[in-house]
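Step one of this worksheet: look at the structure below.
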Amino acid sequence: MRSILIVNDDGINAEGLIRLAVLAKELGEVWVVAPDDQRSAASHAISLHNSVDIYPHGFPVEGVHAYTCSGTPADCVRVGALSIMPHKPDVVLSGINAGLNVATDIQYSGTAGAAFEGAFQGCLSIAISEGVKSSGEVADRYLPEILAELMEQELGYGQIFNVNIPACPLSELRGILRNRPVSHGMFYRDRYKKTADLPNGGVRLEVDGQYNEDCEPDTDFRAVVENYISIGIVNNIS
């Protein structure tokens, strides 16, 4: 039986993680190692100068082995594959993330970072994200067949599959687009705004992103903007 490690960056109690575990149970033996709290935008960071704490965790999907990790999403993959599971998983699934990970957002994504760590560990790795306002009906309908399809394929070293599911209703989904290249655009054009003056001349800033849907045709970004599921291969910098 295929062994599957599921991780995320939204935390052990995230709805998307639980839904993914339900779907993955039909495809193999499922282990979950997830952060004990929100770790979005952690990218591929790992813990080198501090320890990570691992605890067994009750999980609402019967038969799933679940643990929390105090570290990053990439730490979850490393400790899961190297310490918790009896052997390295055949597949690493990262998600289902609450929020799309396309275009330049992939650079910051803890969801993608965890999948890249899975690829480094020699596992077929798939990052899965959906629009933040999604009802989940599109993912629940199409992910089982998408995962079954992708799990039978091979990738090169450092590559991951990146699946993004728009937040549209199932009735408005226009289809699935495969082999989507990564856009050079971004959903939010970031700037910073001052929120407070601090002692000794300091200032407190926070990101103030402006929403944007301008992007190139035939890319991952354009696919989800136009209500398609986007599937693509993303290469790590290696």
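The values are calculated or read from the model by the stated rules, or taken from the named source; none is laboratory data. Worth saying up front: this structure is predicted, and the values here are computed from it rather than measured. Cβ atoms come from the backbone with ideal geometry, glycine included; neighbour counts cover every protein chain shown.
Mind checking which residues of the stretch 73-94 are part of a helix (DSSP H, G or I) and of a type in the set (G, A, S)? Spell out how you get there, then give the answer.
Residues of the stretch 73-94 that are part of a helix (DSSP H, G or I), as a first pass: 73-84.
Hits for the stretch 73-94 are A74, G80, A81, S83.
Only one residue in A66, A45 is more than 28 Å from V138 (Cβ to Cβ), surrounded by fewer than 24 Cβ atoms within 10 Å (Cβ to Cβ) and touching a Gly at 6+ places or on another chain (Cβ under 8 Å), so which one is that? Reasoning before the result, please.
Working: A66 fails: more than 28 Å from V138 (Cβ to Cβ).
Answer to the selection: A45.
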*In the stretch 79-111, which residue that is among the aliphatic types (A, V, I, L, M) and over 17 Å from V33 (Cβ atoms) is surrounded by the most Cβ atoms within 10 Å (Cβ to Cβ)?*
V102
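Restricting attention to the stretch 8-36, report how many residues are outside any helix (DSSP H, G or I) and either in contact with a strand residue (DSSP E or B) (Cβ under 9 Å, 6 or more places away or on another chain) or among the hydroxyl-bearing types (S, T, Y) (or both). Walk me through how you get there before you give the answer.
Keep residues of the stretch 8-36 that are outside any helix (DSSP H, G or I), which gives 8-14, 25-36.
Pick out the ones that are also either in contact with a strand residue (DSSP E or B) (Cβ under 9 Å, 6 or more places away or on another chain) or among the hydroxyl-bearing types (S, T, Y) (or both) and you get 8-14, 25, 27-36.
Number of matching residues: 18.
Can you confirm whether S51 is outside any strand (DSSP E or B), touching a helix residue (DSSP H, G or I) at 6+ places or on another chain (Cβ under 6 Å) and surrounded by fewer than 16 Cβ atoms within 10 Å (Cβ to Cβ)? Before you say what the answer is, go through the steps one by one.
Working: outside any strand (DSSP E or B): yes; touching a helix residue (DSSP H, G or I) at 6+ places or on another chain (Cβ under 6 Å): no; surrounded by fewer than 16 Cβ atoms within 10 Å (Cβ to Cβ): yes.
So S51 does not fit the description; no.
When you scan the stretch 120-139, how many residues do you find that are under 27 Å from Y211 (Cα atoms) and part of a helix (DSSP H, G or I)?
Here is the first cut: in the stretch 120-139, the residues under 27 Å from Y211 (Cα atoms) are 126-139.
Then drop every residue that is not part of a helix (DSSP H, G or I), which leaves 137-139.
Number satisfying all stated conditions: 3.
Here is a yes/no grid of residues against (1) without any contact (Cβ under 8 Å) to a residue 40 or more places away in the chain; (2) under 19 Å from I96 (Cα atoms); (3) touching a Leu at 6+ places or on another chain (Cβ under 8 Å); (4) surrounded by 14 or more Cβ atoms within 10 Å (Cβ to Cβ):
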position	(1), (2), (3), (4)
Y157	no, no, no, no
F161	no, yes, yes, yes
L170	yes, yes, no, no
L177	no, yes, no, yes
D197	yes, no, no, no
Q210	yes, no, no, no
N227	no, yes, yes, yes
*asked:* hydroxyl-bearing (S, T, Y), closer than 16 Å to G11 by Cβ, part of a helix (DSSP H, G or I) and touching a residue at least 12 places away in the same chain (Cβ under 8 Å): is that true of T104 in this structure?
replied: no
_Hits in the stretch 13-50 - residues which are of a type outside the set (A, V, I, L, M), under 19 Å from E117 (Cα atoms) and either within 15 Å of the chain's Cα centre (by Cα) or modelled with pLDDT under 95 (or both)_ = P35, D36, Q38, R39, S40, S43, H44, S47, H49, N50
*Residue check, S94 under 22 Å from Y228 (Cα atoms), at pLDDT 95 or above and of a type outside the set (D, E, K, R)*: yes
*asked:* Among the residues in the stretch 164-173, are any within 18 Å of L20 (Cα to Cα), modelled with pLDDT of 95 or more and polar (S, T, N, Q)?
replied: yes
